[in-house]
Structure formats: structure tokens, C-alpha cells
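Here the structure comes first, spelled out in C-alpha cells, and everything after it is commentary.
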Amino acid sequence: MKRCINYGGSTVWPNEHKVLSDLPESLDVVLTIGDSDSSGGAGIQADLQTFQNLGVRGCSIMTAITAHNEHEITTMQPMSVEYITAQLSALSHFPKIIKLGMLARVSTIEIMVNFLRQYTGKVILDPTMLSAFRKELLHAESEQYLHELRNLFPYVEILTLTIPETESILGRTIHSYHDIENAGHEFLAMGLKSVFIKGSHLEHNTLSQDYWTNGTESYWLSGQYDEYSNDRGMGCVFSAAMSASLALGYPLKDAIIIAKMYIGRGIRLAQSINASTFITHAGWPEDEIDLPCLSDCYHGFSSAFSDCGRDPIGLYPVVDHSDWLRKLLPLGVNMIQLRIKGKFGHELENEIKQSIEIANKFDARLFINDYWELAIAYGAYGVHLGQEDLDSADVKKIYQANLRLGLSTHCYYEVARAHAFKPSYIACGPIYSTPSKRVSFSPVGIDQLTRWRKTLSSYRLIAIGGINQARIPTIMETGVDGVAMISAITQADNPTQMTIELLQMMNAYNNILNPIINTNPANSTLNIFLGSR
Ligand code: 3NM
């Protein structure tokens, strides 16, 4: 075998054939290492379809060729050590993401372990050796194969497993969700950075429940269980979608959600061809039905919070003092958030109490940021929580007190977490960079907001972060229900005038979106702002 060398900080294998050298450096590429499935339902063929659908270029190394149809594998021919090494050596640059699938032979695992010692990118391991028909593939080597597989673990970012695979590797039966959690932590003790166990093979399961842990953080993903008799290719497509999302720059926690949506949609829309079923590949997954609920326990579904009423949301100022309510509510603002920082004790309580009284007087929907206990005590309309607040707040108490709930989100992981609470609205941000809050996320931009509008189709959706008057047309064209703003109002030269103008703009959009609610023909702002778009 040729020796791998370290060249200018990146690992390069000596080669004559620069297979990837013509690719622009910025192109997102995933290398999949696994078996060829002649029927196209699983293996490298399924991986490449998934990469392409998610906008990522794939390259591949074959570890085996299988003769596959919809019902069985008739033959498998593992690649020799020489062929696998030659394929590795032919690559001039290694993509930053590698997906390892079925490696077929102990000798192949050994090659990979040697190679990964010097590889600096991320590795996703989906052993697939026991899924569907592949259980027969390992022949007499199976014991040793399972044992050798563990040597890969220290190099792996995430291991994805079904319950039968978990049982084979750990040598015991998994009966319950608790067993799955324990198994996850046992895998971490073997040197893995994180593990994802798909719970859909658990007996009597009516939901799709999957567990992920990296030792410090853990969560369950719950989705609708789909009767899909033939699970061939599910593991490949799921881990391929995760690999593609990582290559696109999504963090692992987001990549898992995207992959779960991708496979959820693929199974939901699976196509029957000649009495067998194939996962559907249909581009980026965007449907809410495929969005899992993310929760720290396995019974992840909760009752929906009350909605925000029939009135449109439109302008949603976020202010830090009751004086702002005195100033803005008489102008017609009917939804507002009190976000107080740096006040405590009586002063804080008094501010909240007064704000609720003012809001009630104007029949306005007031959300209290963070201080949910005071919001309940004084009967606020709702509570707004950030993701960190969710760790400590008693969301059940907010629900039982019949307050509305608004949640901040910044990424797929947080959107899936918010979805588990079924809040009254979801805020997505920051859309643009903002001077008003230190947010550890890059601006999400209009394209992602448009995508989340589609994904969160049943929710009232609010855009926040860096939004000003000039940006409102672009934001409203995404179809969001409301726009939350701090500085555009509170830092305006004339906040009252600015608020009046913003309200007029919003009313124009509300008239378009809700023609039945707002039928007043005298509302000339509609024409003004339609004309200006
Ligand atoms: N939350 P401005 S951005 C309070 O992204 C807040 O969750 C954000 O202020 C989020 O309108 C933000 O001045 C600040 O940009 C919004």
C-alpha cells in the first residue's frame, strides 16, 4: 500500500491520476466509501442520488459489488486490498467529509483505519452491515468484522445505527428507550464522538424515535412512524443526507435534522415499482410534516399552545420599558414584547405589572421576555423564551396558565426543538446582522427565511434581527406573519413617526394576506405600498 503523506497541512496520497484536481476548491464534495447496489436502492448509488439532491458533489470508492434486486442480494464480490488502495490513492484531495458505509471485509476496515489516522476531515460511519438483506453479507468473518469495526470509532464524528446493528455490536438485546440511551453511552465509551440510534425497530413502536448523544448533550427526535415494509437504503440515505449537510457547512446538530427530514420525506413519498418500494429523492426537504420534534425525553409530543388570535401580527416591536407601551400602543401597535435586561426585584416586577396593565387597557397582545413566572402572576398575554431560557423555564406551567408562548430559533436544531413545544409563534433570526443583541449565529438571510416559512407552514412566523423600514418589503415577500424590531423603532430620530409609517406598511401587507379581515376600501396605504414594491 502506498503511504499517505501530509502535504501543506492537508492529507494527500501520492498519485498519478488527479481525479478531483479539476474541481473548484470551494465545491462541496463528499466521498462515500461503500458497496455498489445494482438495484440502486441502497449503497453508493443511493448515496450519490442523495448528494446530488442536496446540491453536493459526490465521489466514491467501491468496497464491494453486490448483485441486488428488490428482494435479495444474490452475490457479493468484495474488492481486493489492491483495488481499494488504488481508489484511495487516485484521489488528489480528500473531501472534508467522508461517509463510510459497508466495508465488506476485515481487510478493508484495516485499510480505512490506516488511512483515517492521517485524515483531518469528518467521518460519518453507517456500517449498514445488518440492515435489510445485508445481514447475510458478512459470512464467516462476522465476529471479527464486528470487533474490527470498533477500531474505526476513534476517527468517527458520528456513528449511525439501527437497533439490530446496535444489538449485534453490543451483543445484547435492546428492549426499551432506556436501553437505547444506555447503548448510546456505551458506544461513547468506545471512543466515538457521537452516536445516533434509530429506534424504529423497537417492538410496539408507533412513532419514529431516534436518540443522539455526544456525552455532553443528548436528545430524542420524534417523527411520525411510517409503515415502510422494506427499509433497504434508509440508513444509507439518512447518513448520506447528513454527510451532504455537513459538507454544506451545517453543524452536526443541524445536519441530523436535515437528514431526518430528507429520509422522512423520502419514505413518506416512497414509490412502488414492480411491487417493491423505493425512497423518493426530491431535493431539499421543506415540509413541516417531515420536521421532527426534538426533545430531551422520548415522549416528545406536547399539546399546542393557544394561538395569537385572528388578528394579523404585522409590526411586533420589542422594547425594554413600559414607557414604550404608553408611547406605541395608542398608535395602533397590537402586539409587543417587553424584553427587560438588567433590572431586578421590585423594579422588574413593577415594570412587568405596569406593562401588563397598559397592554390590557389597549387590548394589545403583550409577550414578556424570559420572566415567565411574573408573566403568569400578573396575567400577561404571553411569554417569549430564547433557547437557553427553555432549559430552565417550566413550559408546562406556562401552558397550564393558558398563556401564549413565543420561541426564538436560529438553526434547524432549534427549529426542531421549538416544534416539540408547539408554541403560539416561532421567531427566526437574526435575518441580518444586528447591533441590538449578541447572537452566536450568522445572519440567516432571506433564502433561509423563505425556506423556514415553507417548513413552519402551520406556525405564525416572525422575522427578527437587523430589520428596518427599507428591508420590510423583502422580508414580507417571504410570507412571514410579523416583523420584530428593536433599533429601527427605539433608535429612530422620531420613534412615533417611524412606528406610524411601519404600521401603515404592515397594514398594506395584511390587507393583501388577509383580505377578509381588512376590507376597508378607504385604506389607501395598500396602493401606496403595492406600487412601491
Ligand atoms: N433576538 P434589532 S436578534 C432580540 O436572532 C433579538 O433571536 C434576535 O434587534 C434573534 O431589530 C434580536 O435592533 C435583536 O436588530 C433585534
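The values are calculated or read from the model by the stated rules, or taken from the named source; none is laboratory data. All of these numbers come straight from a predicted model, not from anything done at the bench. Using ideal geometry, Cβ is built from the backbone for each residue, glycine included, and neighbour counts are taken over all protein chains shown. Just the protein is used for accessible areas: all its heavy atoms, side chains included, with ligands, DNA and RNA removed. Shrake-Rupley method; radii C 1.70, N 1.55, O 1.52, S 1.80 Å.
For the range 362-396 and the range 404-438, what is the separation of their C-alpha centers, rounded to whole Å?
With the range 362-396 and the range 404-438 each reduced to a Cα centre, they are spaced 15 Å.
Can you check what the net charge comes to around residue 437, using other residues whose Cβ is under 12 Å from the Cβ of residue 437 (Lys, Arg +1; Asp, Glu -1)?
Counting the neighbours of residue 437, the net charge comes to +2.
Report the gain in length on full extension from residue 268 to residue 81: 0.36 nm times residue separation, minus Cα-Cα distance, nm rounded to one decimal. Kindly include the intermediate steps, with their values, before the conclusion.
Numbers: separation 187, 0.36 × 187 = 67.32 nm, distance 3.93 nm.
Here the segment from residue 268 to residue 81 would lengthen by 63.4 nm.
Determine, from the Cβ-Cβ distance of residue 350 and residue 144 and an R0 of 56 Å, the FRET efficiency 1/(1 + (r/R0)^6), rounded to the nearest 0.05. It would help to have the intermediate numbers written out before the result.
On the way: r = 71 Å, r/R0 = 1.27.
Once the sixth-power term is evaluated, E becomes 0.20.
Keeping all protein chains in place and using 1.4 angstrom, which order do 68, 321, 147 fall into by accessible surface area, from largest down? Can you show the working numbers first?
Details: 68 15, 321 55, 147 115 Å².
So, going from the largest accessible area down, we get 147, 321, 68.
Share of the chain's accessible area from carbon and sulfur, percent, 1.4 Å? Display every interim value, and only then the final one.
Details: 11170 of 22780 Å².
Carbon-and-sulfur percentage of accessible area, whole number: 49.
Is the shape of the range 29-186 rounded, prolate or oblate, going by the alpha carbon gyration tensor and its root eigenvalues a ≥ b ≥ c, with a/c under 1.5 for rounded and a/b larger than b/c for prolate? Before the final figure, lay out the partial values.
Numbers: a/c = 1.42, a/b = 1.23, b/c = 1.15.
Rounded, because the longest to shortest axis ratio a/c is under 1.5.
Once the Cα atoms of helix 234-247 and of the chain are each reduced to a long axis, what angle between those two axes, in degrees from 0 to 90 to the nearest 10, is obtained?
Tilt relative to the chain: about 60 degrees.
Compute the signed sum of charges (Lys and Arg +1, Asp and Glu -1) over the other residues within less than 11 Å, Cβ to Cβ, of residue 309. Intermediate values should be presented prior to the final figure.
Working: positive: 310, 365, 404, 460; negative: 307, 311, 363.
Every neighbour counted, the sum reads +1.
Taking GluC sites (Glu not before Pro) as exposed when DSSP calls them loop (any state but H, G, I, E, B) and at most 12 other Cβ atoms lie within 10 Å, what is the longest stretch of the chain free of them, the sites themselves excluded? Don't jump to the answer; show the numbers that get you there.
Values: sites that count: 16, 25, 72, 203, 217, 227.
Answer from the scan: 228-533.
State whether the range 409-515 is rounded, prolate or oblate according to the following rule on the C-alpha gyration tensor (a ≥ b ≥ c being the square roots of its eigenvalues): a/c under 1.5 gives rounded; otherwise a/b larger than b/c gives prolate, and the remaining case gives oblate. The partial results should precede the final answer.
Values: a/c = 2.03, a/b = 1.29, b/c = 1.57.
Cα axes put the range 409-515 in the oblate bin.
I need the calculated FRET efficiency for the pair residue 224 and residue 450, taking r as the beta carbon distance and R₀ as 25 Å, to the nearest 0.05. Each step should come with its number before you reach the end.
On the way: r = 25 Å, r/R0 = 1.00.
Calculated transfer efficiency: 0.50.
Can you tell me the dipole magnitude for the chain around its Cα centre, using point charges on the Cβ only (Lys, Arg +1; Asp, Glu -1), in Debye to the nearest 20?
Numbers: 42 positive and 55 negative charges, 229 e Å.
Once rounded to the nearest 20, the dipole reads 1100 debye.
Set the Förster radius R0 to 25 Å, insert the Cβ-Cβ distance between residue 377 and residue 321 as r into 1/(1 + (r/R0)^6), and round the FRET efficiency to 0.05. If you can, show how the numbers build up before the last one.
On the way: r = 20 Å, r/R0 = 0.78.
Result of the calculation: an efficiency of 0.80.
Gain in length, residue 396 to residue 178, computed as 0.36 nm per residue apart minus the alpha-carbon separation, to one decimal in nm? Please report the intermediate quantities before stating the final value.
Details: separation 218, 0.36 × 218 = 78.48 nm, distance 2.33 nm.
Once the chain is fully extended between residue 396 and residue 178, it gains 76.2 nm.
Under the Karplus relation 6.51 cos²θ - 1.76 cosθ + 1.60, θ = phi - 60°, what is the ordered set of whole-Hz ³J(HN,Hα) values for the range 497-502, x standing for Gly and Pro?
So the Karplus estimates, Gly and Pro as x, are 4, 4, 5, 4, 5, 5 Hz.
Keeping every protein chain in place, order 107, 208 by accessible area at 1.4 Å, biggest value first, i.e. largest first. Each step should come with its number before you reach the end.
Values: 107 40, 208 15 Å².
Descending accessible area places them as 107, 208.
Report the gain in length on full extension from residue 117 to residue 441: 0.36 nm times residue separation, minus Cα-Cα distance, nm rounded to one decimal.
Working: separation 324, 0.36 × 324 = 116.64 nm, distance 3.20 nm.
The span from residue 117 to residue 441 would gain 113.4 nm if fully extended.
If you restrict to DSSP beta bridges whose two residues both lie in the chain, what percentage is antiparallel, to the nearest 5? Let's see the in-between values first.
Working: 25 of 76 bridges.
Roughly 35 percent of the DSSP beta bridges within the chain come out antiparallel.
In Å², and per residue, what accessible area does the range 291-443 have when probed at 1.4 Å with the other protein chains present?
Working: 6700 Å² over 153 residues.
Averaged over the residues of the range 291-443, the accessible area is 44 Å².
Please list, in order, the residues from the range 321-344 whose amide nitrogen is less than 19 Å from a point placed 7 Å along the Cα→Cβ vector of residue 388.
338-344
Lys and Arg at +1, Asp and Glu at -1: add these up for the other residues within a Cβ distance under 14 Å of residue 420 and post the number.
Values: positive: 260, 396, 417, 422; negative: 210, 288, 296, 391, 414.
Combined, the nearby Lys, Arg, Asp and Glu give -1.
Can you classify the range 314-523 as rounded, prolate or oblate using the Cα gyration tensor, where a ≥ b ≥ c are the square roots of its eigenvalues, rounded means a/c under 1.5, and otherwise it's prolate if a/b beats b/c and oblate if not?
Numbers: a/c = 1.41, a/b = 1.11, b/c = 1.28.
Rounded, because the longest to shortest axis ratio a/c is under 1.5.
Please list the non-local residues whose amide H lies under 5 Å from the amide H of residue 59, H modeled 1.01 Å from N, same-chain partners needing a gap of 5 or more.
When sequence neighbours closer than 5 places are left aside, the close amide H contacts are 30, 31, 32.
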